[in-house]
Amino acid sequence: MANGFYQLGMTEWAKGLIHWSATDTMRCILGDAADYAVDLATHDFLADVAGAAREEGPVTLGTLATLADGVIDAADITFTAAAGDPCEFLLIYKFVTVDGDSNLLIYIDTATGLPVTLNGGDVTVQWDSGSNRIAKI
Amino acid sequence: MPTHLGLRLPSYFERRRLKEAKALEPVVFAPVRRNPLKPQIKIKMHQSIHGRFKDGKHYDLEAGKSYWVDQEKADEFIVKNYASGILSRPYSDDEMANIRSNIQVITNFSQEGLTNG
């Protein structure tokens, strides 16, 4: 698998129902691929991701920003004192009170530092400081 | 004090006192687990942080916002540069290096092709 966008989430984005701003709450989890087989074409809500796969988080993304050319950014995040199964992916979604309504947006499993073995220490995710930041839509 | 048929009637104030006394509920003392108050420090988050309390409950501190947190945690977050604030005491270089020693970093993914066009 490679990093990618959830297609149904992007459809909601295109409809104007996803706002990468303080209007919406964006969250990120660190996940265990042993308990989740990603399907970017059909998975639409967080309920598609088994609870066992959500190893660490969620953490709310802060300082959301949209830059030129459809680039989105946020402040770095940290999962403190992370412990549990090894984690292979990060997942960003729009949080709306219940898992069944929380749109899956971005799946990341290819990055320096992934997979990560949780050893009780902190795991920091540094969004890229280059031209694409978190993602370019 | 008025008396009728040899009975002494209580005054208005006495009747009111008796009525209020009946309305009082007994006090029940229940044992509670008391936690000593810990000093709190205000910090402003540079990063969003997820963590767990000792009882397993989660906390989620969002970047850009300010929070009051326990002094011990506040110092940890400030030393790790997750937040800004005032340390409760000076930390030596060795102490700070020790606090920062166990951090893994995930990065460089957007260069791996997370673009949609």
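Structural remarks
- For the pair B and A, total buried accessible area rounded to nearest 100 Å², probe 1.4 Å: 3100 Å²
- Cross-link pairs beyond the 28 Å C-alpha cut-off, checked among B:Lys38/B:Lys80; A:Lys136/B:Lys54; B:Lys38/B:Lys65; A:Lys136/B:Lys57; A:Lys94/B:Lys44; A:Lys136/B:Lys65: A:Lys136/B:Lys54; A:Lys136/B:Lys57
- Projected over every direction and averaged, the convex hull enclosing the alpha-carbon atoms of the protein assembly as shown yields 23.9 nm².
- Taking all protein chains together and rolling a 1.4 Å probe, A:Lys94 ends up with roughly 30 Å² accessible.
- Taking every protein chain into account, the accessible area of the stretch A:1-103 amounts to 39 square angstrom per residue (probe 1.4 Å).
- Here the stretch B:47-80 and the stretch A:1-45 have alpha carbon centers that stand 26 Å from each other.
- Peptide-level mean, for B:62-74, of C-beta atoms on other protein chains within 10 Å: 2
- Amide H partners (placed H, <5 Å) of A:Ala135, local residues excluded: A:Ile72
- Dividing the helix sum by the residues of chain A, where each DSSP H run of 4 or more adds -39500 (n - 2.57), gives a mean residue ellipticity at 222 nm of -1500 deg cm²/dmol.
- Straight-line cross-link reach from A:Lys15 at under 14 Å between alpha-carbon atoms covers no aspartates and glutamates, not counting any fewer than eight positions away in the same chain.
- Cβ-placed point charges (K, R +1; D, E -1), dipole of chain A about Cα centre in debye, nearest 20: 400 debye
- Between amide H atoms placed 1.01 Å from N, distances below 5 Å from A:Thr25 occur with A:Phe95, all of them 5 or more places distant or on a separate chain.
- Take B:Met96: with every protein chain present and a 1.4 Å probe, its accessible area is about 40 Å².
The values are calculated or read from the model by the stated rules, or taken from the named source; none is laboratory data. Treat the numbers as computed from the prediction; the structure is a model and nothing was measured. All Cβ positions, glycine included, derive from the backbone under ideal geometry; neighbour counts span all protein chains shown. Protein only, heavy atoms only, side chains kept; ligands, DNA and RNA dropped before computing areas. Shrake-Rupley method; radii C 1.70, N 1.55, O 1.52, S 1.80 Å.
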